[in-house]
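Reading through the C-alpha coordinates given below for one structure.
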Amino acid sequence: MTLTRWETYRDVLALQNRMNNIFQDFSRGNSGENELVTAAGFVPPVDIYEDEHKLVLKLEIPGMRQEDLDVRMENNTLSVKGERSFQIEGKEENFHRVERRYGTFYRAFTVPNTINPESIKAEYDAGVLRLELQKRPESKPKQIKVNVGSARELNNNQTAAAETAKTA
(Lines give C-alpha, C1' and ligand atoms only; values in the text may rest on other atoms or scores of the structure.)
Protein backbone atom coordinates (compact mmCIF):
# COMPACT_ATOMS: atom_id res chain seq x y z
CA MET A 1 0.00 0.00 0.00
CA THR A 2 1.34 3.43 -0.95
CA LEU A 3 0.92 6.40 1.36
CA THR A 4 0.16 9.74 -0.23
CA ARG A 5 1.05 12.86 1.64
CA TRP A 6 -1.85 15.31 1.97
CA GLU A 7 -0.88 18.92 1.24
CA THR A 8 -3.62 21.28 2.35
CA TYR A 9 -2.30 24.35 0.58
CA ARG A 10 -1.97 22.59 -2.80
CA ASP A 11 -5.48 21.14 -2.53
CA VAL A 12 -6.97 24.52 -1.66
CA LEU A 13 -5.20 26.13 -4.63
CA ALA A 14 -6.47 23.39 -6.94
CA LEU A 15 -10.02 23.96 -5.70
CA GLN A 16 -9.66 27.73 -6.16
CA ASN A 17 -8.40 27.26 -9.74
CA ARG A 18 -11.32 24.98 -10.56
CA MET A 19 -13.82 27.51 -9.16
CA ASN A 20 -12.17 30.36 -11.10
CA ASN A 21 -12.41 28.34 -14.32
CA ILE A 22 -16.09 27.62 -13.72
CA PHE A 23 -16.93 31.30 -13.20
CA GLN A 24 -14.75 32.43 -16.11
CA ASP A 25 -16.55 30.01 -18.40
CA PHE A 26 -19.90 31.24 -17.08
CA SER A 27 -19.10 34.94 -17.65
CA ARG A 28 -17.45 34.26 -20.99
CA GLY A 29 -20.41 32.41 -22.44
CA ASN A 30 -19.88 30.28 -25.53
CA SER A 31 -18.35 32.99 -27.72
CA GLY A 32 -14.79 32.76 -26.45
CA GLU A 33 -12.19 35.08 -24.93
CA ASN A 34 -12.71 38.09 -27.25
CA GLU A 35 -16.35 38.30 -26.24
CA LEU A 36 -15.28 38.75 -22.60
CA VAL A 37 -13.44 41.98 -23.40
CA THR A 38 -16.31 43.67 -25.18
CA ALA A 39 -19.57 42.36 -23.72
CA ALA A 40 -19.07 41.03 -20.21
CA GLY A 41 -20.83 43.06 -17.56
CA PHE A 42 -19.37 44.31 -14.34
CA VAL A 43 -20.63 45.26 -10.91
CA PRO A 44 -19.44 48.63 -9.66
CA PRO A 45 -18.68 48.78 -5.93
CA VAL A 46 -20.96 50.95 -3.81
CA ASP A 47 -20.72 52.66 -0.42
CA ILE A 48 -23.98 53.41 1.40
CA TYR A 49 -24.28 55.55 4.50
CA GLU A 50 -27.06 57.33 6.35
CA ASP A 51 -27.50 60.20 8.78
CA GLU A 52 -30.64 61.73 10.29
CA HIS A 53 -31.39 63.79 7.15
CA LYS A 54 -30.42 61.64 4.17
CA LEU A 55 -29.27 58.34 2.69
CA VAL A 56 -26.22 58.52 0.39
CA LEU A 57 -24.98 56.00 -2.18
CA LYS A 58 -21.60 56.31 -3.89
CA LEU A 59 -20.96 54.09 -6.92
CA GLU A 60 -17.47 53.82 -8.36
CA ILE A 61 -17.80 53.90 -12.15
CA PRO A 62 -14.77 55.61 -13.72
CA GLY A 63 -14.72 56.26 -17.44
CA MET A 64 -18.48 56.67 -17.78
CA ARG A 65 -20.18 59.50 -19.61
CA GLN A 66 -23.36 61.13 -18.33
CA GLU A 67 -25.37 59.95 -21.33
CA ASP A 68 -24.33 56.33 -20.60
CA LEU A 69 -25.96 56.37 -17.12
CA ASP A 70 -29.61 55.72 -16.28
CA VAL A 71 -30.81 56.35 -12.71
CA ARG A 72 -34.47 55.59 -11.89
CA MET A 73 -36.72 55.38 -8.84
CA GLU A 74 -39.71 53.08 -9.24
CA ASN A 75 -41.85 51.35 -6.57
CA ASN A 76 -39.33 51.92 -3.75
CA THR A 77 -36.51 50.56 -5.91
CA LEU A 78 -33.61 52.76 -6.95
CA SER A 79 -31.90 51.35 -10.04
CA VAL A 80 -28.67 52.44 -11.67
CA LYS A 81 -27.60 51.05 -15.00
CA GLY A 82 -25.07 52.00 -17.58
CA GLU A 83 -22.62 50.85 -20.18
CA ARG A 84 -18.88 51.35 -20.50
CA SER A 85 -17.67 50.69 -24.04
CA PHE A 86 -14.27 49.25 -24.92
CA GLN A 87 -12.48 51.95 -26.90
CA ILE A 88 -9.77 50.53 -29.19
CA GLU A 89 -7.01 53.10 -29.68
CA GLY A 90 -4.69 50.71 -31.51
CA LYS A 91 -4.91 47.23 -32.91
CA GLU A 92 -6.60 44.76 -30.62
CA GLU A 93 -3.75 42.26 -30.93
CA ASN A 94 -1.29 44.88 -29.57
CA PHE A 95 -2.83 44.67 -26.10
CA HIS A 96 -0.78 42.76 -23.55
CA ARG A 97 -3.47 42.82 -20.87
CA VAL A 98 -7.03 44.08 -20.50
CA GLU A 99 -8.05 44.09 -16.82
CA ARG A 100 -10.60 46.87 -16.70
CA ARG A 101 -14.18 45.66 -17.05
CA TYR A 102 -16.39 46.81 -19.90
CA GLY A 103 -19.98 46.24 -20.86
CA THR A 104 -23.22 46.91 -19.05
CA PHE A 105 -23.96 47.01 -15.36
CA TYR A 106 -27.14 47.12 -13.30
CA ARG A 107 -27.51 47.73 -9.57
CA ALA A 108 -30.86 47.93 -7.75
CA PHE A 109 -31.48 49.01 -4.16
CA THR A 110 -34.67 48.76 -2.13
CA VAL A 111 -35.33 52.17 -0.61
CA PRO A 112 -37.21 52.52 2.70
CA ASN A 113 -40.54 54.38 2.83
CA THR A 114 -38.86 57.12 4.89
CA ILE A 115 -37.21 58.49 1.71
CA ASN A 116 -38.83 61.29 -0.28
CA PRO A 117 -38.61 60.08 -3.93
CA GLU A 118 -38.99 63.66 -5.23
CA SER A 119 -35.80 64.82 -3.52
CA ILE A 120 -33.22 62.48 -5.10
CA LYS A 121 -30.08 64.23 -6.33
CA ALA A 122 -27.40 62.65 -8.56
CA GLU A 123 -23.89 64.01 -9.11
CA TYR A 124 -21.04 62.44 -11.08
CA ASP A 125 -17.50 63.60 -10.38
CA ALA A 126 -14.06 61.98 -10.67
CA GLY A 127 -15.53 58.57 -11.53
CA VAL A 128 -17.92 58.46 -8.57
CA LEU A 129 -21.70 58.67 -8.94
CA ARG A 130 -23.15 60.17 -5.74
CA LEU A 131 -26.87 59.70 -5.11
CA GLU A 132 -28.38 61.65 -2.23
CA LEU A 133 -31.85 60.64 -1.03
CA GLN A 134 -33.47 63.03 1.45
CA LYS A 135 -35.65 61.62 4.23
CA ARG A 136 -39.21 62.75 4.74
CA PRO A 137 -39.56 65.33 7.56
CA GLU A 138 -41.89 63.09 9.56
CA SER A 139 -39.33 60.28 9.55
CA LYS A 140 -36.51 62.34 11.06
CA PRO A 141 -35.72 61.59 14.70
CA LYS A 142 -37.36 63.84 17.31
CA GLN A 143 -35.82 64.78 20.63
CA ILE A 144 -37.95 63.77 23.61
CA LYS A 145 -37.38 65.57 26.91
CA VAL A 146 -36.87 63.25 29.82
CA ASN A 147 -37.96 64.51 33.26
CA VAL A 148 -35.61 63.62 36.09
CA GLY A 149 -37.11 62.09 39.22
CA SER A 150 -39.28 59.14 40.11
CA ALA A 151 -42.83 58.82 38.87
CA ARG A 152 -44.15 59.26 42.45
CA GLU A 153 -42.29 62.58 42.82
CA LEU A 154 -43.62 63.77 39.47
CA ASN A 155 -47.22 62.89 40.49
CA ASN A 156 -46.79 64.62 43.88
CA ASN A 157 -45.38 67.76 42.18
CA GLN A 158 -48.26 67.82 39.69
CA THR A 159 -50.82 67.34 42.50
CA ALA A 160 -49.22 70.13 44.57
CA ALA A 161 -49.19 72.44 41.56
CA ALA A 162 -52.87 71.70 40.90
CA GLU A 163 -53.82 72.40 44.54
CA THR A 164 -51.83 75.64 44.51
CA ALA A 165 -53.64 76.71 41.35
CA LYS A 166 -57.05 76.02 43.02
CA THR A 167 -56.30 78.11 46.12
CA ALA A 168 -54.85 80.99 44.19
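The values are calculated or read from the model by the stated rules, or taken from the named source; none is laboratory data. All values reported here derive from a predicted model rather than from experimental measurement. Using ideal geometry, Cβ is built from the backbone for each residue, glycine included, and neighbour counts are taken over all protein chains shown.
Let me confirm something: among Arg97, Arg101, Arg107, which residue is closer than 16 Å to Pro45 by Cβ and over 18 Å from the mean Cα position of the chain (by Cα)?
Testing whether each residue is closer than 16 Å to Pro45 by Cβ and over 18 Å from the mean Cα position of the chain (by Cα) leaves just Arg101.
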So which residues in segment 78-91 are farther than 20 Å from Phe42 by Cα and touching a residue at least 12 places away in the same chain (Cβ under 8 Å)?
none
If we keep just the residues of segment 112-151 that are at pLDDT 85 or above and among the hydroxyl-bearing types (Ser, Thr, Tyr), which is nearest to the chain's Cα centre (by Cα)?
Tyr124
Val37: passes all of (1) at pLDDT 80 or above; (2) among the β-branched types (Val, Ile, Thr); (3) touching a helix residue (DSSP H, G or I) at 6+ places or on another chain (Cβ under 9 Å) but (1)
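Condition check ((1) at pLDDT below 80; (2) within 29 Å of the chain's Cα centre (by Cα); (3) not in a helix (DSSP H, G or I)) across all residues:
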site	(1), (2), (3)
Tyr9	yes, no, no
Leu13	yes, no, no
Ile22	yes, yes, no
Ser27	yes, yes, no
Pro44	no, yes, yes
Asp47	no, yes, yes
Glu52	no, yes, yes
Leu55	no, yes, yes
